[in-house]
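The values are calculated or read from the model by the stated rules, or taken from the named source; none is laboratory data. Given the structure is predicted, the values throughout are model-derived calculations rather than measurements. For neighbour counting, all protein chains shown are included, and Cβ atoms are generated from backbone atoms with ideal geometry for every residue, glycine included. Side chains are part of the model used for accessible areas, which takes the heavy atoms of the whole protein and leaves out ligands, DNA and RNA. Shrake-Rupley method; radii C 1.70, N 1.55, O 1.52, S 1.80 Å.
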Amino acid sequence: MNNFAIKKVKARWVLDSRSTPTVEAEVHSGKGSGRAMVPSGASTGTHEALEMRDGTKEFHGKGVRNAVDNVNKKIAEHLEGIDSRNQEQVDRKMIELDGTDNKSKLGANAILAVSMANARCASSGLRKELFEYLAGMNKDDAKVLPVPMMNIINGGMHAGNGLAMQEFMILPSGMKNFSEALKAGAEIYHSLKGYLKEKHGKGAINVGDEGGFAPPISDTRQALGAIMKAIEISGYSSNEIKLGLDAAASSFFKEGLYHIDGKKISPEDMASFYGKLCEEYPIASIEDPMHEEDFDGFRKVTEAIGRKIQILGDDVFVTNVKRLSRGIEMKAANALLLKLNQVGTITEALDAFRMARKAGWNVAISHRSGETEDSFIADLAVGWNAGQIKTGAPARGERTAKYNQLLRIEEMLGKKALFGDTKL
Ligand code: PGA
Ligand code: ZN
C-alpha cells in the first residue's frame, strides 16, 4: 500500500472574517495530513464557480451544511486510495464527480477546500514546505516574493461610505525586498490613520471588510490625495510606492452609466477619467476598470493606458480559461487576478496561470473580502513566482496571516529570494 495514498477526507463548517460560515476540509494519508479553509467574496463575478449556500433559516441563508455533507458523503470515498502527491488526479476526480460547468452539483467551496487540504497533506507527507510543493506542481523553483498590494482605503461593496471604487491600494514595488515593502505599508497605514483622524474626525478610522480605512468621503481624488499625503508623511517617494485601484466597476454600473463621484458618466468618459487619474497620481495598476461583460471597454482602456500601467482582470475573467483566452485574444487587459475559489481547484487555477504567463501577462494572486486565517495564498504566490499578491490592508488577522507567512518564507529562502514583478 502506497503510504501517500489518501486515507481519510473530512469537512466541517467554520466562520470567516465576516462571521459567515465557510468550509474547512482535512485530508489524511499514511505519510501526512493537511487542513484548509476557503474564502468568500462580496463583489463576486457573475461567472464564478458556484459557492454552495443552504438558503435555510440558519445563518440568514448562508449555511454550508450541504457543501460540508458533499465532502463527507460524496467526495471522501472517491478520493480514498488516490496518491495525495498527484494533485491533478485528485482535482480531476472531483471535477468529474461534480460534472457541471460551474461546480453547482457539489459546490466550489466543497471542492476547493479538499483541493487545498490535499496540497497541504502531500507537502507534509513529503516533508516539504507548501510553497515548495506548489512550485513542484508548476515544475518551477520558488524564489520570487510578491509585491504586496495593500488595500488601505475601502469603498464600494466593502465599506459603508460613498466611495464608488472598491479598493485604494499601495504597491511598494520600489522597495528592496518583501519585508521592507511590508514595513513601508504598515508605516503608511499608520500615517494615513493619523491624517484621516485629524482631517475627518475619529469616525474616519473605522475599517472596511479588508482592513483598510472607510472614511466618510465619496470622491475618488480625495481618497487618492489622502494616500499621497500619508506616503509623504512616512517619508517615502513615488519611486518606492506606487498606487493601485480596484474599481470593481460592475458594482457602480447601472443602466449603461457609471455612478461615481456624484455623477453618472458614460463608458467613454469613465475611460478618460482613468487616463486623467494616471497622469495625476503614480498609479501602476487598475483592476476591473469596466463592467464585467464589457470586454470591448476593457480593450479600449488597455489600448489607451495599458502600455504604462497594469490593467488587471478580476470579475471579467474569474480565473476561467475560457473567459481568459477571449481576453487575451482581444487584448482586453494585460494582467490576471487569480482567485482559487472563482474556479474551484488548484489544477484549474494553474491552467489559468499558465495561460496568462504564456501571453506575457502579469499575475496577481488574490484573497477575498471574506477571508480566514488560512495563509495558503502566501505560499501559492511564492510557489508559482507570481510576483504580486493582493491580500488587503496590513492589518486584521485574516490579512496579516498571509503577509506574516511571506516574512517567514522570505527568511527560509534567504539569499535565493528575489522580490517583485519587474514589469510593474
Ligand atoms: P471580493 O472582492 O472578494 O468581495 O470579490 C475582492 C476583489 O474584488 O478583488
Ligand atoms: Zn476585484
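This table checks each residue for (1) away from ligand 2 (no atom under 16 Å from the Cβ); (2) under 29 Å from ALA395 (Cβ atoms); (3) in a strand (DSSP E or B).
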site: GLY81; (1), (2), (3): yes, no, no
site: LEU112; (1), (2), (3): yes, yes, no
site: ALA164; (1), (2), (3): no, yes, no
site: PHE168; (1), (2), (3): no, yes, yes
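In the set THR100, THR44, only one residue is open to solvent by 10 Å² or more (accessible area, probe 1.4 Å), touching a residue at least 60 places away in the same chain (Cβ under 8 Å), part of a loop (DSSP other than H, G, I, E, B) and not hydrophobic (A, V, I, L, M, F, W, C); that residue is THR44.
Test ASN239 against the stated conditions and say whether it is loosely packed, with under 15 Cβ neighbours inside 10 Å and away from ligand 1 (no atom under 16 Å from the Cβ). Answer is yes for this residue. Do we have any residue at all in the stretch 192-203 that's within 21 Å of ASP261 (Cβ to Cβ) and among the hydrophobic types (A, V, I, L, M, F, W, C)? The answer is yes; a qualifying residue exists. Under the condition of being assigned to a helix (DSSP H, G or I) and either within 16 Å of ligand 2 (Cβ to nearest atom) or touching a strand residue (DSSP E or B) at 6+ places or on another chain (Cβ under 8 Å) (or both), the residues counted in the stretch 299-342 number 9. Which one is most open to solvent (accessible area, probe 1.4 Å) among residues in the stretch 314-348 that are more than 15 Å from ligand 1 (Cβ to nearest atom), hydrophobic (A, V, I, L, M, F, W, C) and closer than 23 Å to SER104 by Cα? Ranking the qualifying residues of the stretch 314-348, first place goes to VAL321.
I'd like the full set of residues that are within 20 Å of ALA135 (Cα to Cα), within 16 Å of ligand 1 (Cβ to nearest atom) and either open to solvent by 20 Å² or more (accessible area, probe 1.4 Å) or outside any loop (DSSP other than H, G, I, E, B) (or both), limited to the stretch 381-424. Selection gives ALA381, GLN388, ILE389, LYS390, LYS402.
Which is without any contact (Cβ under 8 Å) to a residue 12 or more places away in the chain and surrounded by 15 or more Cβ atoms within 10 Å (Cβ to Cβ), of ASN161, ASN154, ASN206? So the residue among ASN161, ASN154, ASN206 that is without any contact (Cβ under 8 Å) to a residue 12 or more places away in the chain and surrounded by 15 or more Cβ atoms within 10 Å (Cβ to Cβ) is ASN206.
I'm checking my understanding of the structure. Among residues of the stretch 1-41 that are in contact with an Asp or Glu (Cβ under 9 Å, 6 or more places away or on another chain) and of a type in the set (Val, Ile, Thr), which one is surrounded by the fewest Cβ atoms within 10 Å (Cβ to Cβ)? If we take residues in the stretch 1-41 being in contact with an Asp or Glu (Cβ under 9 Å, 6 or more places away or on another chain) and of a type in the set (Val, Ile, Thr), then VAL14 is surrounded by the fewest Cβ atoms within 10 Å (Cβ to Cβ). If the condition is being farther than 17 Å from MET157 by Cβ, polar (S, T, N, Q) and within 13 Å of ligand 1 (Cβ to nearest atom), then the stretch 243-298 contributes only SER285. Screening SER238 against (1) within 26 Å of LEU338 (Cα to Cα); (2) out of contact with any helix residue (DSSP H, G or I) (no Cβ under 6 Å at 6 or more places or on another chain) leaves a single unmet condition, (1).
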